Amino acid sequence: MHELTLAERALGIVEKTAREAGAQRVTRIRLSIGALAHVDPDTMQYCCEVVSRDSLAEGAQIEVTRAPGLAWCSTCQAEVALAQVGEPCPACGGYQLKITDGDQMQVVDISIE
Ligand SMILES: [Zn+2]
């Protein structure tokens, strides 16, 4: 499952950060998922809970937010907002788009104690 791989990667980052900060426990994790990343936020949240078992992040509150997608339109010569992969440019209706942002997942921040 795609989300499980991403969750493992995210939790790896979280644990490393928490350990470096000398944390006993991670209480909250904020993740940002790009609107174009083909990741379901609910599935992602569930996978994070599964992956965090027996780690510093066990029981942490997991917040998943969606980041807007951005693409470069070569017709408009401008960066445009894109809600989904496969949609046309909202300005000119064309498909000469190259995704520039919003296709990945990031750990935004974590709370530790
Ligand atoms: Zn355009």
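Structure notes:
- For the range 2-112, share of DSSP beta bridges that run antiparallel, in % to the nearest 5: 70 percent
- Amide hydrogen proximity for ALA67: with H placed 1.01 Å from N in the peptide plane, the residues at 5 or more positions away or on another chain lying under 5 Å are ILE33, GLY34, ALA35.
- The chain, accessible surface, carbon-and-sulfur percent (1.4 angstrom probe): 48 percent
- Nearest 10 degrees, 0 to 90: helix 41-51 Cα axis against the chain principal axis: 30 degrees
- About its Cα centre, the dipole of the chain is roughly 160 debye, where the only charges are +1 on Lys and Arg Cβ and -1 on Asp and Glu Cβ.
- Directionally averaged projected area (convex hull, Cα atoms, the range 1-95), nm²: 7.2 nm²
- Of the GluC sites (Glu not before Pro) in the range 29-63, those whose Cβ has at most 15 other Cβ within 10 Å and which sit in DSSP loop: GLU58
- For the range 34-96: accessible area per residue (Å², 1.4 Å): 57 Å²
The values are calculated or read from the model by the stated rules, or taken from the named source; none is laboratory data. Predicted model, so just to flag it, every value in this text is computed and none were measured. Heads up, the Cβs are rebuilt from the backbone with ideal geometry, glycines too, and the neighbour counts pull from every protein chain shown. Accessible surface is based on the protein model in full, side chains and every heavy atom, while ligands, DNA and RNA are left aside. Shrake-Rupley method; radii C 1.70, N 1.55, O 1.52, S 1.80 Å.
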